[in-house]
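One structure is given here, and the rest of the page talks about it.
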Amino acid sequence: MPTPPPFMRTCPQCAELLGALVEAFVQVLTDPHYDGAERIQIALARHLAGVHPETLPAPHTDDCPTCARHQELNPEDVFWREHLARRLFLPDELARLP
Ligand SMILES: [Zn+2]
Ligand SMILES: [Zn+2]
């Protein structure tokens with residue numbers, strides 16, 4: 001997991017979702033069928049894209065099909081913003097999943 005930016009510790013909702021996500025990742029280690037992590041991750045990305053749009057990282061420039069497609073066709077798309085938001089709190093290989 002990357003170190004989340006400081007604002008995510010001071011925003012109560014970010015902090016709560018981050019805490020829940022860490023717990024979910026721990027739980028998934030003991031129960032591979034547990035899918036709570038995905039749900040929380042989506043909620044957190046949505047919160048970031050909606051409430052902290054100014055903090056979203058720049059698009060991937062190194063061959064990310066999701067970024068390439070949206071930058072060209074649909075820069076206002078909320079799913080793309082959520083894709084960018086995931087880079088703030090997920091390891092790169094997970095954050096890049098479409
Ligand atoms: Zn927040
Ligand atoms: Zn991307």
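Considering helices alone, the calculated mean residue ellipticity of the chain at 222 nm is -18000 deg cm²/dmol, with DSSP H runs of length four and up weighted by -39500 (n - 2.57) and normalised per residue.
Can you give me the angle between helix 36-51 and the longest principal axis of the chain, using Cα atoms only, in degrees from 0 to 90, rounded to the nearest 10? That helix lies at roughly 50 degrees to the long axis. Rounded to the nearest 20, the size of the Cβ-charge dipole of the stretch 7-95 about its Cα centre is 240 debye, with Lys and Arg at +1 and Asp and Glu at -1. Please report the net charge: other residues with Cβ closer than 11 Å to the Cβ of Ala24, K and R +1, D and E -1. Net charge around Ala24: -3. For the stretch 7-95, the extents of the C-alpha atoms along the principal axes are 41, 29, 18 Å, listed from largest to smallest.
Between Phe89, Pro5, Leu29, the Cα set farthest toward the positive side of the dipole of the chain (charges on each charged residue's Cβ, about the Cα centre) is that of Pro5. The GNM of the chain, with springs linking C-alpha atoms under 10 angstrom apart, assigns the highest mean-square fluctuation among His33, His52, His70 to His33.
Assuming R0 = 35 Å, what is the FRET efficiency of Asp31 and Gln71, from their Cβ-Cβ distance, to the nearest 0.05? After rounding to 0.05, the efficiency reads 0.40.
All of the numbers you see were taken from the coordinates with simple rules; none came from a lab. No experiment lies behind these values; they were computed from the predicted model shown. Note that each Cβ is placed from the backbone with ideal geometry, even for glycine, and that neighbours are counted across all protein chains shown.
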